[in-house]
Amino acid sequence: MSKALDGVRILDFTHVQSGPTCTQLLAWFGADVIKVERPGEGDATRAQLRDVPDADSLYFTMLNHNKRSITLDTKDAMGKQVLETLIRQCDVLVENFAPGALDRMGFSWARINELNPRMIVASVKGFGPGPYEDCKVYENVAQCAGGAASTTGFDDGPPMVTGAQIGDSGTGLHLALGIVAALYQRNNTGRGQKVLAPMQDAVLNLCRVKLRDQQRLERTGVMKEYPQYPDGTFGDAVPRAGNASGGGQPGWILKCKNWETDPNDYIYFITQAPVWGAICKVIGKEEWITDPDYATPPARLPRLKQIFAVIEEWTMTKTKFEAMDILNKFDIPCGPILSMKEIAHEPSLRKTGTIVEVDHPTRGKYLTVGNPIKLSDSPTEVTRSPLLGEHTTEVLEQLGYKAEQIEAMRARKVI
Ligand code: CAO
């Protein structure tokens, strides 16, 4: 079956997580992704957090499926020539080097545009133009600078980063969308363009509801769905809201039966207004259905802590899965706190290709997250990540290089 991005060739100059997650998505949609790596070492993540001696790490393998790898020293004159050929023959160059690195290599936007006016140059940087534009940035820096850390955690604790890699993988997603949009526009204009996704901006985009709350706070001085209401105080910036829901339906994480021995026997419970009656019946508090202190959402807001404490008395009599079964029968929105172990073994995720087992020549079988975006006419088959330089000869031959030229490059350690 054909793929959505068949015929699109990507010069993948990315490393670590943010850029690779973008090009991996493009590869899953069918693009030919050629990852260019430094001879000898390659992407630094190949060797980071290794669990199998001398084998590419899971950090690398899980971010670089369906790609081809070539080694190329792009600071060597001969290497620069190959890079020029690649630029002429590819549709998109994706990079996430430190600010200025591509220019220092001799490949400014102007130069790339001269070599191939149709080329789209897509970059992840930590920050957009401004005071921090020259800074190197990793995941948690972006989470801190994008508003996530300040609004995550509990009010009486320090700012907290989240396990979801919203700075790296989140920005990679944003960049992938920018690339596809630029490819679409190129169909009409015939021109390439620059695509920039700064990590701070991507995190902020994902924290949009907190900027909403900042403005609500400035207008009214209080946010009634936050745990600080009604007993605590509000300052002038959005506080950390613990596990409160970010929407208009109050929610909280509640203990379940085995919480003392199982760190994940908890459930997220949402007191959605239309099912309030059903909630009251399930937890044995039918009098709350008509009691004016509990009957309406505004009446419940100052009592949320007490309400959740009572609901928790009920959830603590069930495991999270038993609670789910009962609550779902009444359409009460809730979610089990699933551990990575539970997710890894969840049959439905295996069936949909969201959790995939991949075989690798040096590390053996491992699990990965497949393509979470499902296209009915462009299914994804996850193939293993390439070994360092596995496709150097193949790609150079495709670019038109002769065996003697490739040998000369090898002798000079350019590839
Ligand atoms: N041949 C020759 N040189 C190469 C090369 C190749 N194939 N590939 C890379 N290089 C060179 C670069 O040109 C650069 O050289 P200069 O410093 O002389 O310009 C050098 O390798 C190092 O690149 P770097 O500065 O990007 O790498 P780093 O490890 O020092 O920094 C990171 C890593 C992630 C902090 C930085 O790249 C960055 O801030 N990127 C943008 C933000 C980003 O994507 N962060 C997310 C990373 S995932 O957590």
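The values are calculated or read from the model by the stated rules, or taken from the named source; none is laboratory data. Just so it is clear, the model here is predicted, and its values are computed rather than measured. Cβ coordinates were reconstructed from backbone atoms using ideal geometry, including for glycine residues, and neighbour counts include every protein chain displayed. Heads up: the accessible areas ignore ligands, DNA and RNA and are worked out on the full protein's heavy atoms, side chains in. Shrake-Rupley method; radii C 1.70, N 1.55, O 1.52, S 1.80 Å.
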Per the 1.4 Å probe, what fraction of the accessible area of region 22-68, in percent, lies on carbon and sulfur atoms? 53 percent
Take the alpha-carbon positions of the chain, form their convex hull, and give its projected area averaged over all directions (one quarter of the hull surface) in nm². 24.4 nm²
Taking just the alpha-carbon atoms of region 325-415, what radius of gyration and Dmax come out, in angstrom? 22.0, 72
Could you give me the radius of gyration and the Dmax of region 216-337, taking only the C-alpha atoms into account and expressing both in angstrom? 14.8, 44
Please give the per residue accessible area of region 137-296, computed with a probe of 1.4 Å over protein heavy atoms only, in Å². 53 Å²
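Any idea what the dipole of region 281-350 comes to, in debye rounded to 20, about its Cα centre with Lys/Arg Cβ at +1 and Asp/Glu Cβ at -1?
That gives a dipole near 200 debye.
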Which value, in debye to the nearest 20, describes the size of the charge dipole of region 247-384 about its Cα centre when Lys and Arg Cβ atoms bear +1, Asp and Glu Cβ atoms bear -1, and nothing else is charged? 280 debye
Once you compute Rg and the Kirkwood Rh from C-alpha atoms, what is the Rg to Rh ratio for region 1-77? 1.00
Mind checking which lysines have their Cα closer than 22 Å to the Cα of Lys402? Skip sequence neighbours fewer than 8 apart in that chain. Lys35, Lys75, Lys80, Lys413
Per residue, how large is the accessible surface of region 333-415? Use a 1.4 angstrom probe and give square angstrom. 59 Å²
For region 1-46, what is the accessible area per residue in Å², given a 1.4 Å probe and the full set of protein chains? 30 Å²
Could you work out the helix-only [θ] at 222 nm for the chain, with each DSSP H run of four or more residues adding -39,500 (n - 2.57) and the total divided by the number of residues, to the nearest 500 deg cm²/dmol? -10000 deg cm²/dmol
Charge dipole (debye, nearest 20) of the chain; +1 at Cβ of Lys and Arg, -1 at Cβ of Asp and Glu: 760 debye
What base-10 log of the normalised intensity I(q)/I(0) is obtained for region 117-250 from the Debye formula, alpha carbons as equal point scatterers, at q = 0.09, 0.13, 0.22 Å⁻¹? -0.35, -0.65, -1.22
Which residue, chosen from Gln228, Pro198, Pro250, occupies the Cα position most advanced towards the positive end of the dipole of region 116-272, where the dipole is computed from +1 (Lys, Arg) and -1 (Asp, Glu) charges on Cβ about the Cα centre? Pro198
Within the accessible area of region 160-293, what % is carbon and sulfur when the probe is 1.4 Å and the other protein chains stay in place? 52 percent
Could you compute Rg(Cα) / (2.2 N^0.38 Å) for region 1-157, with N its residue count? 1.15
